[in-house]
Amino acid sequence: MTALAALAAFGLLALSGLAAAQTVGPNAEAEKCLSCHGDQSLGTIDVGGVQKTLFVDATVYGTSLHGLLDCTSCHLGFKPRRHVAAESANWLETAKLTACGNCHADQFAMYSGSFHGHLALGQTGSNAPLCADCHLAHNVVDVHSTAFRRSILDLCGRCHGGRSSTYLDSYHGKAALLGDNATAVCTDCHGAHRILPASDPASTISKQSIVQTCAKCHPGANRNFAGFLVHVDPRSPHSNFWVWLFYAFYITLIVCIFTFGGVHTALYIYRGFKDGLYNRRGH
Amino acid sequence: MASTTAAVTEPRTYLEYKRFSAFHRWMHFLVFVSFTVLVFTGMPLKYKETHWAKWVMDAVGGVTAAGVYHRIAALVTVFYWTCEVLLMVYVVFRNRGRGVFAPGSIMPNKKDWADIKGMFRWFFGRGPKPQFDRFTYWEKFDFMSLVGGTVIIGLTGFIMWFPMTFTKVLPGVFINVALVIHSNEALLAAGVIFIFVHLFSAHLRPESWPIDKVIFTGSLPLEHYKEERPLEYARRVQEGTLGEVLVVRRITWRTRLTDVIWYGITAVAGLAAVLMTVFIVWSIFS
Ligand code: HEM
């Protein structure tokens, strides 16, 4: 029994060693697919009115995190031939969503219970993001990379534009835009796979857990501290009255002082010219 | 012909009117340095979406480093503000509370209001130019807005610096409000200091054109002073206190060297201020 396990383990090791030894680039199975899909003139396919290219860039895929996988790991059931209807049915949803769960079961389970997952799995034609909408497909990137972290604002902003613009007005957003890679981005507060509305007690931003979420970066955070409003638009009285009030007050004050100062300056200089005050000697 | 004579007889010793003590000049130097640092490390945050913001942030060493410099300059600000206020309190005590609103004081009084009206009459050619005592109304405004503005910008700055401490008692929305106040007060302060105080008062105003150096040298020629602040001059003659403000300024190689150094620093800071002003104005109107 133990011998068998040892043998199996040895076999696995040898296999993984083989895999690692392979040079970066599509494997032999993938080459079969690429004999057609590596051709840029292959054309496009209509997906719900959007034209998607059938071409796959071998270098992009080969250097991606998934570069060593067979194409059929995600495109389940496809054979290297002119594809039949049975293969192509639902192919996009499979590749972007259901197939991911085969390897990433934990993340898939969390996603299924999330707000996005509920929409995506429960309604046909919802706009909710599928796995590949955030993680990308042939160019899937390392989520721990700085590049991915920096791209999160844009990823979320594609649907949550208003939210991301108010975030950018907060200190986190300003710092992130100007190159601070450690400051909090969307997923640090909202989570990634298991995003839930604030009204759900299990959400990272619910009344019950927000203080803990802030405390991840701000040890000692208290309830008042967590009451800081990340998504507030100072230009609207409906967003937060007090923030708007001070904003409106200051804009008015600035306009008044600058108008008065500007007029005063212009008239002073005008009178200076008229009276020849600039021509006097001695200073 | 005339110029040759002038060159030969050019005096090297002047009788001048002393307007600012060494204390005031050093205070101005601290304001000058700390304010420039605060504006350069703060404004990119306010205009974060612009190219110049990224450029300035990278130039000062990144967001995190900028935050450190901003806090160091904030401490310098607290220091000069405290010195200035302590001096004011001391002066009030020394005079036993008398003369706080007297003609030579920095505090506003009724004559300032009359002067504002008088200046507008003069602008439109409907009256003589009002005569001023030691400080004009705009000088008082500039000074008071710095002393008062520092309280506002300092308090809100400290709320953002130590949010955990302040939210022990204050609700979280105070941090939001603090940011709005700090950010806009900074815009106001930078505008007033860069444009009205310096570009206008120190350079473009006919009495200063092309440059008013008194905050660096401390004194100005007596003739110029009599013309600019006739009321103070008359008052001092009458009180018999003119001697208190008369100094002999000797031009030596050392004073010339100091002048050159000051011109250098001023030119660099001036360029920086002009650059920042252009950036901000550009961002507001685009
Ligand atoms: C006692 C003085 C001050 C303190 C304690 C202070 C502190 C702060 C803090 C904590 C921030 C948040 C950003 C960060 O953490 O780096 C900030 C932002 C800022 N500060 Fe200050 N500051 C002071 C004075 C000033 C002054 C005098 C100016 C300019 C005239 C200024 C301009 C700014 C600007 C423009 C921002 C960015 C605001 C925004 O995000 O829109 N600060 N300051």
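The values are calculated or read from the model by the stated rules, or taken from the named source; none is laboratory data. The structure displayed is predicted, hence computed values, not measured ones. As a convention, Cβ positions derive from the backbone with ideal geometry for all residues, glycine included, and neighbour counts pool all protein chains shown. Heavy atoms of the whole protein, side chains included, go into the accessibility calculation; ligands, DNA and RNA do not. Shrake-Rupley method; radii C 1.70, N 1.55, O 1.52, S 1.80 Å.
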**Among residues of segment B:121-159, those that are among the small types (Gly, Ala, Ser) and within 8 Å of another protein chain (Cβ to nearest Cβ), counted** = 1
**Prompt:** Failed condition for A:His172, given (1) open to solvent by 60 Å² or more (accessible area, probe 1.4 Å); (2) within 14 Å of chain B (Cβ to nearest Cβ), with all others met?
**Reply:** (1)
**Asked** Which residues, counting only those in segment B:105-120, are more than 18 Å from the chain's Cα centre (by Cα) and among the hydrophobic types (A, V, I, L, M, F, W, C)?
**Response** B:Trp113, B:Ala114, B:Ile116, B:Met119, B:Phe120
**Prompt:** Is there any pair with a first residue in segment B:72-85 that is more than 10 Å from the ligand (Cβ to nearest atom) and a second that is outside any helix (DSSP H, G or I) and open to solvent by 30 Å² or more (accessible area, probe 1.4 Å) whose Cβ atoms are under 7 Å apart and which are 6 or more apart or on different chains, and what are they?
**Reply:** none
**Item:** A:Leu245 vs. criteria more than 8 Å from chain B (Cβ to nearest Cβ) and either hydroxyl-bearing (Ser, Thr, Tyr) or within 42 Å of the chain's Cα centre (by Cα) (or both)
**Value:** yes
**Message:** Going by what's in this entry, would B:Phe123 be described as open to solvent by less than 60 Å² (accessible area, probe 1.4 Å), in contact (Cβ under 8 Å) with a residue 12 or more places away in the chain, aromatic (Phe, Trp, Tyr) and more than 11 Å from the ligand (Cβ to nearest atom)?
**Reply:** no
**Message:** Just to check your reading of the model, which residue among B:Glu185, B:Glu139 is part of a helix (DSSP H, G or I), among the charged types (D, E, K, R) and under 13 Å from the mean Cα position of the chain (by Cα)?
**Reply:** B:Glu139
**Message:** Tell me whether segment A:238-256 contains one or more residues that are closer than 30 Å to A:Cys131 by Cβ, in a loop (DSSP other than H, G, I, E, B) and open to solvent by less than 40 Å² (accessible area, probe 1.4 Å).
**Reply:** no
**Message:** Against the definition (within 14 Å of the ligand (Cβ to nearest atom) and closer than 22 Å to B:Phe40 by Cβ), how does B:Thr156 come out, yes or no?
**Reply:** yes
**Asked** Just checking, how many residues over segment B:52-71 are open to solvent by 40 Å² or more (accessible area, probe 1.4 Å) and touching a residue at least 60 places away in the same chain (Cβ under 8 Å)?
**Response** 1
**Asked** Restricting attention to segment B:160-182, does a residue exist that is under 12 Å from the mean Cα position of the chain (by Cα) and at the interface with chain A (Cβ under 10 Å from one of its Cβ atoms)?
**Response** no
**Residue identified as within 8 Å of another protein chain (Cβ to nearest Cβ) and buried (at least 16 other Cβ atoms within 10 Å of the Cβ) among A:Tyr268, A:Tyr278** = A:Tyr268
**Request:** Tell me, please, whether a residue that is within 7 Å of chain B (Cβ to nearest Cβ), within 26 Å of A:Gly161 (Cβ to Cβ) and either outside any loop (DSSP other than H, G, I, E, B) or within 30 Å of the chain's Cα centre (by Cα) (or both) can be found in segment A:209-227.
**Result:** yes
**Request:** Mind listing whichever residues of segment A:152-168 are open to solvent by 40 Å² or more (accessible area, probe 1.4 Å) and either within 16 Å of the ligand (Cβ to nearest atom) or at the interface with chain B (Cβ under 10 Å from one of its Cβ atoms) (or both)?
**Result:** A:Ser165
**Item:** Contacts under 8 angstrom Cβ, first residue in segment B:35-51 being under 18 Å from B:Thr150 (Cβ atoms), partner near the ligand (Cβ under 6 Å from one of its atoms) and open to solvent by 40 Å² or more (accessible area, probe 1.4 Å), 6 or more apart
**Value:** B:Val37/B:His70; B:Leu38/B:His70; B:Thr41/B:His70; B:Gly42/B:His70
**Message:** Can you find a residue that is more than 10 Å from every other protein chain (Cβ to nearest Cβ), assigned to a helix (DSSP H, G or I) and within 13 Å of the ligand (Cβ to nearest atom) anywhere in segment B:202-220?
**Reply:** no
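Out of B:Leu87, B:Leu75, B:Leu15, B:Leu45, which single residue is open to solvent by less than 70 Å² (accessible area, probe 1.4 Å) and away from chain A (no Cβ under 14 Å)?
B:Leu87
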**Item:** Sole exception among (1) more than 20 Å from the chain's Cα centre (by Cα); (2) more than 14 Å from every other protein chain (Cβ to nearest Cβ); (3) within 20 Å of B:Val31 (Cβ to Cβ); (4) not hydroxyl-bearing (Ser, Thr, Tyr) for B:Ala102, by number
**Value:** (3)
**Item:** Given (1) buried (at least 16 other Cβ atoms within 10 Å of the Cβ); (2) at pLDDT below 95, index of the condition A:Pro219 fails
**Value:** (1)
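So which residues in segment A:186-206 are within 17 Å of the chain's Cα centre (by Cα) and either within 14 Å of chain B (Cβ to nearest Cβ) or not in a loop (DSSP other than H, G, I, E, B) (or both), if there are any at all?
The answer is A:Cys186, A:Thr187, A:Asp188, A:Cys189, A:His190.
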**Fill in**
Scanning segment B:142-170 for residues that are in a helix (DSSP H, G or I) and hydroxyl-bearing (Ser, Thr, Tyr), the one farthest from A:His218 (Cα to Cα) turns out to be B:Ser145
**Request:** Only one of these is within 17 Å of the chain's Cα centre (by Cα) and at pLDDT below 90: A:Arg163, A:Arg158. Name it.
**Result:** A:Arg163
